[in-house]
2 protein chains.
Amino acid sequence: MKEGKFSKNQLRRYPIYLKFLSNLKEQGVEYVSSPLIGEELGYSQEQVRKDLQAISDEEGRPKKGRSVSQLIDSLESFLGYRENNPAILIGAGHLGSALLRYPAFSSMGLMIKAAFDVDPNKIGEMIGETHVYPLDDMERLVPGLCAKIAIICTPASVAQEVANLAVKAGCRAIWSFAPIHLSLPDSVILEEVNLASSLAVLSHRLDSLLD
Amino acid sequence: MKEGKFSKNQLRRYPIYLKFLSNLKEQGVEYVSSPLIGEELGYSQEQVRKDLQAISDEEGRPKKGRSVSQLIDSLESFLGYRENNPAILIGAGHLGSALLRYPAFSSMGLMIKAAFDVDPNKIGEMIGETHVYPLDDMERLVPGLCAKIAIICTPASVAQEVANLAVKAGCRAIWSFAPIHLSLPDSVILEEVNLASSLAVLSHRLDSLLD
C-alpha cells in the first residue's frame, strides 16, 4: 500500500471502484480505461486516474488501458479485504441481526467474533454464525478476541454508554448505526451511519423536485 | 419553511440537532444556546447559529438562549416529520426486513406502504406491518400508493434493474442500500447508503492509528 493522505470521500470511492471492476471481470472484461470508469460511475477521468494512481503502481497501457485483475488486486489489498479484522457487535435487535447475517462483511475482511446484548431472550443464541453474549461479559471477552472495531446497533438512548464500555474494553474504532451523535476521545476512530441524516437529504431534494 | 439552498452536509446535521434537542427536552431542559449545542455535537457555534437561523425565524433570547420546544417544532416541520411520505421497499432480505421493522421511520414521516420481492417464500407474508408483493406487481400498485420513494435493499447484481422498474412505476427518489453505484436519470433523486464505503473510511483510519 502506498503511503499518503486520503480524504474521506476518496476512501468512500474505493469500494465502489472495486464493485464495478469485479462486475467487469465477471463479464470477462480484461482491460479498462479511466475515462470509461469515470463515465460509468459519474466521476471525472482525472479523479479516477488520481484515485487509482494513489493505490497502484501499475500504469495503464496505451490503447489497452489498465488490467482489471491487477486493479482488483490493488484495491482489495488497499482496503484490507484479505486481512481479518476482528470486530464485535453491540445490540442484536433488527438492524444488528441484519448486519450479523450480512454476507458481504466477511469478503471485506470484517469478522464479527461476538455480539452483545442485554435481552435474556437473545443471550446464548446464535444469530447467523455469531454467538450473543451478555453485555456484562464484554470487557472480559474483547481482549481475547483481539477486536479493535465495535459496531453499535443499540437504541440512541444507550449508544453513548455502550460506546464508552467498548472503548474501555479495548476497541479503538466505533462504527455506529445508532441515530445519535457520539462523543468519544480523539484517540478513538468514529464512523457514523445515520439513516435519519440520509433520509433528510433525500426528502428535502424530493420536496424541491415536486414543488 | 424558509427558502434557500441547503448543502447535503447541512441537511445531514438537522436530524442530529433534532435528536439532541429531543433528549434535552426529555430531561426537562427548556432553553439552550448555540455554543452549548455546538460543544455537545462537535460543531462550531457559528455553524450551529447559521444552521438554525436557516430553518427558524425565532431569535434566541439574551442570557436564556433558544426555546428547545420551538426549535424541535421548527426542525420537525422542516424535515417533514409531520407529513406522510409514502414509500415502497424492494428486496425483503435481512437488511430490507430490518428496515421494515425499524420503528423510527414512521416518526420521520416515512410510511413504507408495500414491499416487493421475487422470493415465493416471502411473497404474501407480512414483515412488521408491511405486506410483501411480487415484484411483477410493482408497476401496477405504485401509482395507487402515491409512493414517490423506493428503498432498494436487493443484492448489487439486480439493484440497477429494480431501480429502473421503480422509476418506470412512478418513483421519483431512490434510497439505495445496495452495495453498488446506480445510474439514474437526472430527474430522479438518488441517495446511497454504502456500508462498504463507510467501512473503508473506518478501516483505513484504524490502520493508520495502529501503525
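I need every pair where a residue in region A:98-109 that is in contact (Cβ under 8 Å) with a residue 12 or more places away in the chain has its Cβ under 7 Å from the Cβ of a residue that is part of a helix (DSSP H, G or I), sequence separation at least 6 or different chains. Hits for this filter: A:Arg101/B:His94; A:Met108/B:Ala196; A:Met108/B:Leu199. With the structure loaded, tell me whether B:Leu199 is at pLDDT 90 or above, within 7 Å of chain A (Cβ to nearest Cβ) and more than 20 Å from B:Ala87 (Cα to Cα) or whether it fails that test. Judged against the criteria, B:Leu199 is a match.
Among the residues of region B:57-82, those identified as more than 8 Å from chain A (Cβ to nearest Cβ) and either under 18 Å from B:Trp175 (Cα atoms) or among the basic types (Lys, Arg) (or both) are B:Arg61, B:Lys63, B:Lys64, B:Arg66, B:Tyr81, B:Arg82.
Just one of (1) among the charged types (D, E, K, R); (2) surrounded by 15 or more Cβ atoms within 10 Å (Cβ to Cβ); (3) not in a loop (DSSP other than H, G, I, E, B) fails for A:Lys122. It is (3). Within region B:138-156, one or more residues are more than 7 Å from chain A (Cβ to nearest Cβ), at positive phi and surrounded by fewer than 16 Cβ atoms within 10 Å (Cβ to Cβ). For region B:1-47, residues that are free of Cβ contacts under 8 Å to residues at least 24 places away in the same chain, under 21 Å from the mean Cα position of the chain (by Cα) and assigned to a helix (DSSP H, G or I) total 7. Looking only at region B:93-117, residues that are touching a strand residue (DSSP E or B) at 6+ places or on another chain (Cβ under 6 Å), farther than 30 Å from B:Asp73 by Cβ and at the interface with chain A (Cβ under 8 Å from one of its Cβ atoms) come to 1 in all.
Restricted to region A:68-111, and to residues that are within 25 Å of A:Thr154 (Cβ to Cβ) and in contact with a Phe, Trp or Tyr (Cβ under 7 Å, 6 or more places away or on another chain), which residue is most open to solvent (accessible area, probe 1.4 Å)? That would be A:His94.
Residues that are open to solvent by 20 Å² or more (accessible area, probe 1.4 Å), part of a loop (DSSP other than H, G, I, E, B) and within 7 Å of chain A (Cβ to nearest Cβ) occur at least once in region B:169-178.
The values are calculated or read from the model by the stated rules, or taken from the named source; none is laboratory data. These figures come from a predicted structure and were not determined experimentally. Neighbour counts are summed over all protein chains in view; Cβ atoms, including those assigned to glycine, are modelled from backbone coordinates with ideal geometry. The accessibility values were calculated without ligands, DNA or RNA, using every heavy atom of the protein model including side chains. Shrake-Rupley method; radii C 1.70, N 1.55, O 1.52, S 1.80 Å.
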